[in-house]
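The next block holds one structure in the form of structure tokens; read it before the comments.
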Amino acid sequence: MTWLMFFNWINNEIFALPTTILFFGIALILTLKTRFLQFRGFPHFIQLISAGVRGKGKFDQTGKKRTINPFHALFASMSTSIGMGSVVGPSLAIMTGGPGALFWLVVYIFFGSVTKFTEVAFALDTRIQMPDGRVIGGPMQYLKSVSTVLANWYSIIMVFLFAGWSSLQSNTLATIYAQEGVSEWVIGLSLAILIWYTLQGGAKRVGLIASKLVPFMFCLYIAFSLIILLKDPVALWAAIRLVGKSVLTPSAAIGGFVGTTIFHAMRSGMYQGVFITESGLGTSSIAHAVADTKSPTDQGILAMYSGIADIILSIVSGMLTLVTGVWSYGVFRSTLVYEAFKLHAPAIGQLALLVSISLFVLTTVIGNSFNGTQSFASLTRDRWLRLYRFFVCIIIFFGALLPVPLVWAVMNTLLALVAIPNLIGLLILAFKKPDVIEC
């Protein structure tokens, strides 16, 4: 048995059903408990954004408390979800789960947004300040109030998950640039060096870089994607109908696509929804925990509505895969959107995609590496951080050289191992301390 077969067996035979039920079930429970906050919280979200635009979101730099602007915290968190996950995830969901998987992906982002709200609210409620003024928060902290076993389980696996995520991003970028004649080791080494430099600047540098890059790369990618999609309205409408038809209908095999059951489509879509939004993993709450705000629910609402951008990117990326037909042939791979651009976009569009993808990967790896450092700091009581940063950079380099299917299979396993303690603890806290998420 190869390593790929081993991890696929674990994912399909052990984790598939229980984790899908946990992700979606708890998202539904929290949606009901918060009285459909996705709808109720929107007016307050607009107020928060308006205050930030008017400059009222600026933070006080006096004192020892090393926090960051709430909107920088938002962008630092979004940098891990508005990244390669939103570009690659939908195409992989469609390739493994059929066109209907795109529907379930969007459904999970909608309901899972309340899961993210809850995670962020508890992260701010339980965050702690270190002697040097640095703030640490996230699942590692709020799980301690439930069970030290859950907290330690989560912390240990999380250290490897964040490093693995960075490896996954490096792998995807290297695979794409390999089609342009650039060696995988060049991409891995370049990315590792950039991340090492960025991590030396801490939370403020991460937030500043992410806040500058995220809006630019979002607009650049969307603009050229729409050029391809709107070029053939008939094909676009046919793709939309195909998704609707496939939601409750098993998909037949087409080309390299193996065909799926309805559950497989649901699971594929939801798993990619988790990868994209991090809802249910608790990881996005780590960046939010260092926000300079006194209101856990305000920051939670900012986090919840970051899912709007995730939904837009996911639908656009999924439609690109379906309209151009690249999902229906070939083997499992993470370059479908790149192939769609190469076949159907003008030359400048291909260049725009490469720039966007490079920025997507850079900001995603920055966010993941920073969050991994925070997790490691919580686990080791702020020791050996430089050693962990070096470890992350090594993983980034070697991740560029590994086979694509193996990297994704390993990450699916780590995702399940991280989600189980977080979701259990989160559900307990939601009923144990309901006032924290009252909004």
Using the Cα centre of the chain as origin and beta-carbon charges of +1 (Lys, Arg) and -1 (Asp, Glu), tell me which of L37, N171, V182 is placed farthest towards the positive end of the dipole.
L37
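Within the chain, what's the longest run with no GluC sites (Glu not before Pro) in a DSSP loop and at most 11 other beta-carbon atoms within 10 Å? Give the range, please.
Details: sites that count: E180, E438.
Longest run free of exposed loop sites: 181-437.
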What does the charge dipole of the chain about its Cα centre add up to, to the nearest 20 debye, if the Cβ of each Lys and Arg holds +1 and the Cβ of each Asp and Glu holds -1?
940 debye
Filtered trypsin sites (Lys or Arg not before Pro), segment 365-439: DSSP coil and at most 15 other beta carbons within 10 Å
R381, R383
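Let a ≥ b ≥ c be the square roots of the eigenvalues of the Cα gyration tensor of the chain; is it rounded (a/c under 1.5), or, if not, prolate (a/b larger than b/c) or oblate? Write out the running numbers ahead of the final one.
Numbers: a/c = 1.42, a/b = 1.32, b/c = 1.08.
Rounded is the answer for the chain, as its axis ratio a/c remains below 1.5.
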Expected field for S167, accessible surface area in Å² at 1.4 Å probe radius, rounded to 10, holds 10 Å²
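Given 0.36 nm per residue, what is the gain on full extension from H44 to R241 after removing their alpha carbon distance, in nm? Write out the running numbers ahead of the final one.
Values: separation 197, 0.36 × 197 = 70.92 nm, distance 3.48 nm.
Working it through step by step, the gained length comes to 67.4 nm.
In Å², and per residue, what accessible area does the chain have when probed at 1.4 Å with the other protein chains present?
Working: 17020 Å² over 439 residues.
Value for the chain: 39 Å² per residue.
What FRET efficiency comes out for the pair S183/A347, r = Cβ-Cβ distance, R0 = 25 Å, nearest 0.05? Mind showing how you got there, number by number?
Numbers: r = 23 Å, r/R0 = 0.92.
The pair S183/A347 has a calculated efficiency of 0.60.
Ignoring ligands, DNA and RNA, please state the percent of accessible area on segment 298-414 from carbon and sulfur, probe 1.4 Å.
Values: 2900 of 3900 Å².
Roughly 74 percent of what the probe reaches on segment 298-414 is carbon or sulfur.
Sorted by packing (mean other beta-carbon atoms within 10 Å per residue), highest first, where do 349-361, 96-108 land?
On the way: 349-361: 20.1, 96-108: 25.7.
With the highest mean Cβ count within 10 Å placed first, the list reads 96-108, 349-361.
The values are calculated or read from the model by the stated rules, or taken from the named source; none is laboratory data. Nothing here was measured: the structure is a model prediction, and the numbers come from that model. Methodologically, a virtual Cβ is constructed for each residue, glycine included, from the backbone with ideal geometry; neighbour enumeration extends over all protein chains shown. For accessibility, only protein heavy atoms count, side chains too; no ligands or nucleic acids. Shrake-Rupley method; radii C 1.70, N 1.55, O 1.52, S 1.80 Å.
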